[in-house]
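Peer 1: Below is the structure I would like to discuss, written out as C-alpha cells.
The values are calculated or read from the model by the stated rules, or taken from the named source; none is laboratory data. For clarity, every value in this text was computed on a predicted model and none was experimentally measured. Virtual Cβ from ideal backbone geometry, glycine too; neighbours counted across all protein chains shown. Accessible surface areas use protein heavy atoms only, side chains included; no ligands, DNA or RNA. Shrake-Rupley method; radii C 1.70, N 1.55, O 1.52, S 1.80 Å.
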Amino acid sequence: MKKIRVLVAKIGLDGHDRGAKVVARFLRDAGFEVIYTGLHRTPQEVAMAAIEEDVDVVGISLHSGAHMTLVPKVIKYIKEYGGNPDEMVIVVGGIIPEDDFEELMKMGVDGIFIPGTPIEEIIDFIKKKVAEKKKKTVA
Amino acid sequence: MFMQEDIEKIKRRRREWEKRCEINTTGEVKTPSDIKVEIIYDPSDIAHLDYLKDIGYPGEFPFTRGIYPTMYRGRLWTMRQFSGFGTAEDTNARWKMLLKEGQTGLSTAFDFPTLMGLDSDDPLADGEVGKVGVAVDTLKDFEILFDGIPLDKVSTSFTINPPAAIILAMYTAIGDMQGVPRDQLRGTIQNDMLKEFHAQNTLVLPPEPSVKITVDIFEWGIENVPKFNLISISGYHIREAGSTAVQELAFTIADGMAYVEAAIERGIDVDKLAPQLSFFFNSHNNFFEEIAKFRAARRMWAKIMRDEFGAKNPRSWWLKFHTQTAGCTLTAQQPLNNIVRTTIQALAAVLGGTQSLHTNSFDEAWALPSEEAVRVALRTQQIIAYESGIPDTIDPLAGSYYVEWLTDKIEKLAWRYIDEIKKMGEGSMLRGVLKGIETGFFVREISNAAAKYQREVEEGKRIIVGVNKFTIEEKLKIPILKVDPEVQKRQIERLKRVKAERDDLAVKDALDWLRNSAENDENVMPAILECVKCYATIGEMMGVLKEVYGTYKKPAII
C-alpha cells in the first residue's frame, strides 16, 4: 500500500516549532511520508506545497492566535491552485481555544489537536480519516 | 566539607543500611536531564566540596547562595508579569490594573509582526496584529502605551530581539518626552539573538550582523542608559523548545560568553558591560533539578567573568536573572491543575534565588490569559512571598546533601557542553556558537531532547497528571480572553494617520543616516533614535537593515 503523505506546516509569524517537529518526527517513525515546510510560511506557500507534494494530509501548526485568519486562507488557496481540499485531511494543532473549534470544522478542518494530545491519537485519526476520504473519492 | 574519618564511617554505615534494607531493588530514577538519582544522599556524596570555596556566603564569590548579601530579607524579588495584547490602549489599561494589584515591574509582550519587525499593514501581518501581544508600529504607540506611567517610577522589560535597538530607542524617546534623565531609566531589553537561532525562531537578519547590532546596543547603552539591562541572555526559550535543564544552562552560558567576547573584541571594558547583563531562565517541573540549575548558573558565571574574562569588579561576577515558570508544562486538560504546577515551579525559582519572576496563568494552554487567571498567577507569588516563610532565610536548601550534589553535578555536565562548543570555535566561544548555529548543532540537540521527552510521555514512562494519567471527560468551563478582531483595522488606521502627519523629509533623512551607519559599520543606535523620533515605522527601519545585511532563512530540520 502507498504510504500516507503528510505535509506538516508552520504558518504565519510564530516560531514555536517544537510541537510541529515532534509530531513530524513521530509520524515519520510511524511510517508516514512526512514533508516539513519549515518556519514562517504563508498560506499560499503551504497550499502550493500541498498540491505539488500531492499529500493526503495537511497538518497546520499555529501558536499565534491567527488561526481564524490563516487556516481558511490555506483551504481557499488549495482550491484556487487547482487542488481539492475535500480530498485532503486537514488538521490543525497548537493553541486553539475551544470556542473556535466549530467554526474551524465548518471551514473544512477535519481535526483539531490541542497541547497534550497523545501522538498515537493523531496517528490513528489520520489513518482513519485518510481511509474514509479515499473510500468516498473512489465511490 | 566533612572530616575524612567521619566520611569513612558514614560510607560504611550507608553500605550496611543498603544491605539491611535491600535498597538496590527499587529501580532506577533519572531527572529529565538524564541524571541518575540515588535513593538517598548523605555527607559522603558531597565530601569533595569545600564550603568556603564552592558554596560560601551570598554576595561573595562564587555566589552559589545568591548575588546579594541580604537576598529577600533586603528586598523581595520583582513580581513581573509579562503582558500585552491588542492595541497600546488595551495594554496600557492591563498594566495599570497590574500596578494597582501590587505588581512591581512591567513586562511587555509584543505581537508577532512587531517581534519580527513588520508593520501592521504588512501582508505577512494579516491575522496576527495585536494577537499575542501589543502592536507597535511607531513611537505614537509607545506614547499611548506609557501614558500615565512615569518612567522614573517603574522598570520595564521588553521581550524583543531583532528590533531590540528600535524598542530601546522608543523607550528612551518616551523618557526624553517625560523629562526623565536617561540615567534614571530602568528595565531590560531581551536583545538575545543567538537563542533565536537555537530555539525561539524570531529570525530576521543573519547571525553575524545580529550580534553586531547587539554589541551596538551595548556600546550605546553603557554611555546613555547605564541602569538598563542591555540584554537578557535567555535559556527560557531553549527549554520551551524541549531542551533539558543541563542544555538550557550550558547553551545560555555559552551564548553569554559569546556576547562578552564580541563586546571585548569591540573594545568594550568588561567591567563596564557586566553590570548591564542579565539572564532569563525557565523553571520547569523537576523541583530540585531546577533549584540546582539556578545555583550552578551563578557559580559558573562568576568563575567565567572573573577567571576567563578577567573582570575585576566583584559586581561584574553576578549572574542576575529573571525566571518564568514553564509554559510548555501547562496542560489544556484540567486547566486548574496548572495553578499547582506553576506554584511548584515558582517555589523552585524563589529557592533558586531569582531576581524577578513571571508566573504563568492556568488558562494559557488555551489562549492568552484572562484577567482572573493573571490575578491568580500574581497571587501565587504573593502567597509565596508573604505567607510561606520561604523568603525568611537565604538559600535555605544549601547544605542539603542532594541539592549540593545535584548543583555540582549539573555544573559539571554543563561545563562539558561548554568545552565542546569552545572546541567547535577553536578556542573562541563566539565562533563556537556561530559554528553551532551553522551546523545545526543546537537545533539538533534540542530537537532530540524534545523527541525523547515526548516518547517518554507517549509510553507512559513520564506521567503528566490529567494527560496520560488521572484523565477525565471534561467540558471546558474557563472564560477565555478573546482579542477584539477590530484591533488590526484600528492599528492600521493609526499607522496611516501617523504616516500622513509626520515630516516625510525628516524620515527619509533619518533612514538614510541609518543606512549609512549600517553600510559603514558604524553604531546604528544614534541613527535609530533619530528615526524613531521622526516617527519612522519599525518596518521601515528593519527594512533598511535587511537591505544592508540580508535576511536569514532557517533550514527545515525535523
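Peer 1: With every protein chain left in place, what is the accessible area of A:ARG28 in Å² (1.4 Å probe, nearest 10)?
Peer 2: 110
Peer 1: Evaluate the relative contact order of segment A:5-138 (contact order divided by residue number), counting alpha-carbon pairs under 8 angstrom at least 6 apart; express in whole percent.
Peer 2: The value is 25 percent.
Peer 1: At 7 Å along the Cα-to-beta-carbon direction for both B:LYS100 and B:ASN313, put a label point, then send me their distance in nm to one decimal.
Peer 2: 4.0
Peer 1: Next question, about the same structure. Which residues in segment A:86-108 have a backbone N closer than 14 Å to a point placed 7 Å from the Cα of A:LYS76 along the Cα-to-Cβ line?
Peer 2: A:107-108
Peer 1: Quick one: Karplus J couplings for segment B:106-123, per residue in order, coefficients 6.51, -1.76, 1.60, θ = phi - 60°, nearest Hz, x for Gly and Pro?
Peer 2: Coupling constants for segment B:106-123: 9, 8, 9, 9, 9, 7, 4, x, 4, 4, 8, x, 10, 6, 5, 9, 5, x Hz.
Peer 1: Continuing with the same structure: Roughly how crowded by other chains is peptide A:112-122, in terms of the mean Cβ count from those chains within 10 Å of each of its Cβ atoms?
Peer 2: 4
Peer 1: Same structure, new question: Near B:LEU106, within a Cβ-to-Cβ distance under 14 Å, what is the net charge of the other residues, with Lys and Arg +1 and Asp and Glu -1?
Peer 2: Surrounding charge for B:LEU106 is +3.
Peer 1: While we're here: FRET efficiency for A:GLU120 and B:LYS30, Cβ-Cβ distance as r, R0 = 25 Å, nearest 0.05?
Peer 2: Once the sixth-power term is evaluated, E becomes 0.60.
Peer 1: Taking all pairs of distinct Cα atoms, average 1/r, flip it, and tell me the Kirkwood hydrodynamic radius of segment A:5-138 in Å to one decimal place.
Peer 2: 14.5
Peer 1: Using only protein heavy atoms and a 1.4 Å probe, report how much of B:THR551 is accessible, in Å² to the nearest 10.
Peer 2: Here the accessible area works out near 90 Å².
Peer 1: Taking amide hydrogens as modeled 1.01 Å from N in the peptide plane, which residues meet the under 5 Å criterion relative to B:ILE233, leaving out close sequence neighbours?
Peer 2: B:SER278, B:PHE279, B:PHE280
Peer 1: Let me ask something else. Just to be sure I understand the interface: list residues from segment B:66-115 that lose 30 Å² or more of accessible area between the chain on its own and the complete protein assembly, 1.4 Å probe.
Peer 2: At a threshold of 30 Å² (probe 1.4 Å), the residues of segment B:66-115 that become less exposed are B:PHE112.
Peer 1: Subtracting the Cα-Cα distance from 0.36 nm times the residue separation, let me have the gained length for B:LEU336 to B:ASP512 in nm, one decimal.
Peer 2: Extending this stretch completely gives an extra 58.0 nm.
Peer 1: So between B:LYS461 and B:LYS9, what do we pick up on full extension, going 0.36 nm a residue minus the alpha carbon distance?
Peer 2: This chain segment gains 159.0 nm when fully extended.
Peer 1: Could I ask something else about it? About the Cα centre of segment A:5-138, how large is the charge dipole given +1 on each Lys and Arg Cβ and -1 on each Asp and Glu Cβ? Please answer in debye to the nearest 20.
Peer 2: Charge dipole of segment A:5-138: 260 debye, to the nearest 20.
Peer 1: Report B:GLU60's accessible area, 1.4 Å probe, all protein chains in place, as a number in Å² to the nearest 10.
Peer 2: Near enough 110 Å² of accessible area.
Peer 1: With charges only on Cβ, +1 for K and R and -1 for D and E, what is the dipole size of chain B about its Cα centre, in debye, rounded to 20?
Peer 2: My answer is approximately 1460 debye.
Peer 1: Quick one: which residues, 5+ away or cross-chain, put their amide H under 5 Å from the amide H of B:SER283? H built at 1.01 Å from N.
Peer 2: Those lying under 5 Å, H to H, from B:SER283 are B:GLN324, B:THR325, B:ALA326.
Peer 1: Arranged from highest to lowest average of other beta-carbon atoms within 10 Å per residue, in what order do the peptides B:282-288, B:460-466, B:142-148 appear?
Peer 2: B:282-288, B:142-148, B:460-466
Peer 1: What is the distance, in nm, between label points placed 7 Å from the Cα along the Cα-to-Cβ direction at B:ARG379 and at B:ILE23?
Peer 2: So the label points at B:ARG379 and B:ILE23 sit 4.3 nm apart.
Peer 1: Continuing with the same structure: Which one of A:ALA47, A:ILE35, A:LEU104 has its Cα pushed farthest toward the positive end of the charge dipole of segment A:5-138, where Lys and Arg give +1 and Asp and Glu give -1 at the Cβ?
Peer 2: After comparing all options, I get A:ILE35.
Peer 1: Something else: What length, rounded to one decimal in nm, is gained on full extension from A:ASP54 through to A:ASN84, with 0.36 nm per residue of separation minus their alpha-carbon distance?
Peer 2: Residue separation times 0.36 nm, minus the Cα-Cα distance, leaves 9.7 nm.
Peer 1: For peptide B:123-130, what's the mean number of Cβ atoms from other chains within 10 Å of each residue's Cβ?
Peer 2: 5
Peer 1: Please work out the Cα center distance from segment B:109-170 to segment B:434-453, rounded to the nearest Å.
Peer 2: Distance between centres, Cα-based: 30 Å.
Peer 1: Quote the charge dipole size of the protein assembly as shown about the Cα centre in Debye, to the nearest 20; the model charges only the Cβ of Lys and Arg (+1) and of Asp and Glu (-1).
Peer 2: 1520
Peer 1: Given points 7 Å out from each Cα along the Cα-Cβ axis, report the B:ASP504 to B:ARG416 separation in nanometres with one decimal.
Peer 2: Calculated label separation equals 6.3 nm.
Peer 1: Just reorder B:HIS198, B:HIS322, A:HIS16 by solvent-accessible area, largest first, 1.4 Å probe, all chains present.
Peer 2: Largest to smallest exposure gives the sequence A:HIS16, B:HIS322, B:HIS198.
Peer 1: Going by Cα centres, segment B:230-298 and segment B:1-78 are how many Å apart?
Peer 2: After rounding, the separation between the Cα centres reads 24 Å.
Peer 1: Looking only at other chains, what is the average number of their beta-carbon atoms within 10 angstrom of each beta-carbon in A:17-28?
Peer 2: Averaged over the peptide's residues, the number is 6.
Peer 1: Another question, if that's okay. Can you pick out the pairs among A:LYS73/A:LYS106; A:LYS76/B:LYS546; A:LYS106/B:LYS489; B:LYS212/B:LYS303 whose Cα atoms lie more than 20 Å from each other?
Peer 2: Too far apart for the 20 Å limit: A:LYS76/B:LYS546; A:LYS106/B:LYS489; B:LYS212/B:LYS303.
Peer 1: Here's a follow-up. Using only Cα atoms and rounding to the nearest 10 degrees, what angle (0 to 90) does helix B:441-458 make with the longest principal axis of chain B?
Peer 2: On a 0 to 90 degree scale, this one is about 60.
Peer 1: For each pair in B:LYS412/B:LYS461; B:LYS320/B:LYS412; B:LYS53/B:LYS227; B:LYS100/B:LYS533; B:LYS30/B:LYS195, compute the distance between the two Cα atoms and list the pairs where it is over 23 Å.
Peer 2: B:LYS412/B:LYS461; B:LYS53/B:LYS227; B:LYS100/B:LYS533; B:LYS30/B:LYS195
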